[in-house]
Amino acid sequence: MSHNLLKGKRGIIFGALNDMSIAWKVAERAVEEGATITLSNTPVAVRMGETNELGKKLNAEILPADATNVEDLEMVFVKSMEILGGKIDFVLHSIGMSPNVRKKRTYDDLDYDMLTKTLDVSAISFHKMMQVARKLDAIETGGSLLALTYVAAQRVFYGYNDMADAKALLESITRSFGYIYGRDKGVRVNTISQSPTMTTAGSGVKGMTDLLDFSEQMAPLGNANADDAADYCIVMFSDLTRKITMQNLYNDGGFSSMGMSLSAMQQYTGRGKDRDETGNAIKE
Ligand SMILES: NC(=O)c1ccc[n+]([C@@H]2O[C@H](COP(=O)([O-])OP(=O)(O)OC[C@H]3O[C@@H](n4cnc5c(N)ncnc54)[C@H](O)[C@@H]3O)[C@@H](O)[C@H]2O)c1
């Protein structure tokens with residue numbers, strides 16, 4: 001259902017690969033809410049993935065770009081302003097990739113060239129986007145920029161590997177640039193920390209199925225899926241969140257505030273099935 005929350009707004013969405021991608025759902029919701037958008041992904045992803053299909057469906061132009069390449073990013077912002085007819089109101093950075101994870105290098109045996117690539121693709125690319133956009137004066141006053149992150153930036157999650165370091169850097173860049181962009185342009189910069197979600201990038205995480213199940217059992221509201229992430233992004237792009245910036249915002253059903261839940265405890269011990277969440281005996 002549309003509330004016209006983004007009526008008349010112009011946006012750029014990076015990272016829609018296929019219909020499981022979080023960026024794909026955000027793009028669909030943004031257009032539904034009245035925005036006009038451009039889509040960007042790597043030339044390979046555009047060739048191999050389904051981004052073109054989404055472009056046709058949403059009447060959105062595709063601008064192939066490697067988000068680690070500054071010239072590519074300049075092209076995306078300049079062309080997006082031309083195509084959409086003005087400055088950009090919102091940007092989604094939905095990009096992540098670790099060659100170490102792909103090559104199954106463990107955290108105590110990282111390849112450092114690969115680590116540099118992980119950080120560049122998954123975190124520094126957000127800095128590059130903002131630096132390029134600010135130099136081009138491409139973002140409308142009060143605009144909203146978002147990147148997607150994961151709670152492994154704060155706590156250790158088995159198997160998340162060097163992506164944890166990339167997410168910590170991404171969140172730090174968000175604060176540092178948020179300060180500069182807020183002061184001179186009123187531009188908001190935030191990260192949304194999303195539940196584990198079954199996407200192409202997500203399925204690369206070691207033990208993803210078990211992680212999904214564990215966080216489902218821990219989170220009082222259950223895991224947030226890609227549609228939930230899209231809804232949250234729309235609110236953050238809208239004028240309803242004008243004073244929220246430099247934040248890491250959890251969209252995780254409460255997972256990040258939990259220590260232990262009854263159902264996780266029951267799973268672990270096999271006991272306690274006769275108790276409810278408060279510890280009282282369940283009456284037959
Ligand atoms: N899926 C999860 O469990 C989960 C949880 C929390 C956060 N996130 C984050 O959400 C974001 C989106 O991931 P997703 O789960 O939708 O998976 P996805 O695989 O659909 O999206 C990742 C995207 O990054 C793009 N990409 C990779 N290298 C790039 C580059 N050099 N330049 C431009 N684009 C590049 C890919 O082509 C792809 O479209 C990522 O930042 C991811 O870390 C995902």
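The values are calculated or read from the model by the stated rules, or taken from the named source; none is laboratory data. Predicted model, so just to flag it, every value in this text is computed and none were measured. Neighbour counts run over all protein chains shown; Cβ positions are idealised from the backbone, glycine included. Accessible surface areas use protein heavy atoms only, side chains included; no ligands, DNA or RNA. Shrake-Rupley method; radii C 1.70, N 1.55, O 1.52, S 1.80 Å.
Consider Met20 carefully, then state whether it is under 15 Å from the mean Cα position of the chain (by Cα) and within 11 Å of the ligand (Cβ to nearest atom). Yes, satisfied. In this structure, is Arg47 more than 9 Å from the ligand (Cβ to nearest atom), under 17 Å from the mean Cα position of the chain (by Cα) and in a helix (DSSP H, G or I)? When the stated conditions are applied, Arg47 does not pass them. Out of the residues in the range 35-44 that are open to solvent by 20 Å² or more (accessible area, probe 1.4 Å) and of a type in the set (Ser, Thr, Tyr), which is farthest from the ligand (Cβ to nearest atom)? If we take residues in the range 35-44 being open to solvent by 20 Å² or more (accessible area, probe 1.4 Å) and of a type in the set (Ser, Thr, Tyr), then Thr36 is farthest from the ligand (Cβ to nearest atom).
Is there a residue being within 14 Å of the ligand (Cβ to nearest atom), aromatic (Phe, Trp, Tyr) and either over 21 Å from Ala138 (Cβ atoms) or in contact (Cβ under 8 Å) with a residue 12 or more places away in the chain (or both) anywhere in the range 87-100? No, the range 87-100 has no match at all.
Okay, residues lined up against (1) near the ligand (Cβ under 10 Å from one of its atoms); (2) touching a residue at least 12 places away in the same chain (Cβ under 8 Å); (3) among the charged types (D, E, K, R); (4) out of contact with any Phe, Trp or Tyr (no Cβ under 9 Å at 6 or more places or on another chain):
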residue	(1), (2), (3), (4)
Gly204	yes, yes, no, yes
Asn223	yes, yes, no, no
Tyr232	no, yes, no, yes
Ile244	no, yes, no, yes
Gln247	no, yes, no, yes
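Looking across the range 111-132 at every residue that is touching a Pro at 6+ places or on another chain (Cβ under 9 Å) and among the charged types (D, E, K, R), the one that is farthest from the ligand (Cβ to nearest atom) is identified as Asp111. Being within 18 Å of the chain's Cα centre (by Cα) and either without any contact (Cβ under 8 Å) to a residue 60 or more places away in the chain or under 26 Å from Arg188 (Cβ atoms) (or both) is true of Met130. Contact map, the range 10-29: residues that are free of Cβ contacts under 8 Å to residues at least 24 places away in the same chain and part of a helix (DSSP H, G or I) paired with residues that are near the ligand (Cβ under 6 Å from one of its atoms) and open to solvent by less than 10 Å² (accessible area, probe 1.4 Å), Cβ distance under 8 Å, separation 6+ or inter-chain. No pairs are found.
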